[in-house]
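Here's the structure, in structure tokens; my notes come after.
The values are calculated or read from the model by the stated rules, or taken from the named source; none is laboratory data. From a predicted model like this one, the values you see are computed outputs, not experimental measurements. Please note: Cβ atoms are built from the backbone with ideal geometry, for glycine as well, and neighbour counts cover all protein chains shown. These area figures cover heavy atoms from the full protein model, side chains too; ligands, DNA and RNA do not enter into them. Shrake-Rupley method; radii C 1.70, N 1.55, O 1.52, S 1.80 Å.
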Amino acid sequence: MTPHIEVCAAVVLDGSGLLLATRAPHKDLAGQWELPGGKLQRQETLAECISRELYEELRLHVEQASLFLTILHHYAHKSVRLHFLYCRLKNKEPVPQEGQKAARFANNELPWKEMVEADRKVLEFLRAAKWRSHEQVDVKSEGELPTVLNLSLAERMHAWLNS
């Protein structure tokens, strides 16, 4: 049985674009772009986790974090329950602390081919607005679909990804 990990990921979208960071050189999937975040610790809320992770990795201070989407993603060596939180920051400029890169991307500049699989699939799900679909989705080929908890935030991401 593969290990199951709980992870928070920050969706930081503003006039400068979507914030992504590369996985640190010493971590699994090193160098691939992702929505920044990390593992949920015992006794920690999702908001506490994303606030801690963004500060530790990028020296960013979270002003508000709203859960809007979750998904269970299976890699060959582990399963990850990802909790995507839409975050508003107090400070805007990331200062990477672990040898990674951080940048904001316009919707037409996203590094799709260099993104971690789980984040890429979630952004593709949002871009295609699959939660609106009345068609039956083939879960065997698609894997588990994300659970959208905040439709207005999902719609905002969909509009930005397609603008």
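Among residues of segment 18-42 that are on the phi > 0 side of the Ramachandran plot, those with a Cβ under 6 angstrom from a residue that is assigned to a strand (DSSP E or B), sequence gap 6+ or separate chain, pair up as 31/22; 37/8; 37/9; 37/10. Scanning segment 132-163 for residues that are open to solvent by 80 Å² or more (accessible area, probe 1.4 Å), at pLDDT 55 or above and part of a loop (DSSP other than H, G, I, E, B) turns up 149, 162, 163.
Considering each residue of segment 1-53, count those that are touching a helix residue (DSSP H, G or I) at 6+ places or on another chain (Cβ under 7 Å) and among the charged types (D, E, K, R), and give that number. Total meeting the criteria: 1.
Tell me which residues, restricted to segment 4-17, are in contact (Cβ under 8 Å) with a residue 24 or more places away in the chain and under 17 Å from residue 109 (Cβ atoms). Give the steps one after another, and end with the answer.
Of segment 4-17, the ones in contact (Cβ under 8 Å) with a residue 24 or more places away in the chain are 4-14, 16-17.
Within segment 4-17, 11, 12, 13, 14, 16, 17 meet the criteria.
The number of residues in segment 1-52 being open to solvent by 10 Å² or more (accessible area, probe 1.4 Å) and assigned to a helix (DSSP H, G or I) comes to 5. Residues that are in a helix (DSSP H, G or I), under 12 Å from residue 87 (Cβ atoms) and open to solvent by less than 80 Å² (accessible area, probe 1.4 Å) within segment 53-64 comprise 53, 54, 58, listed in sequence order.
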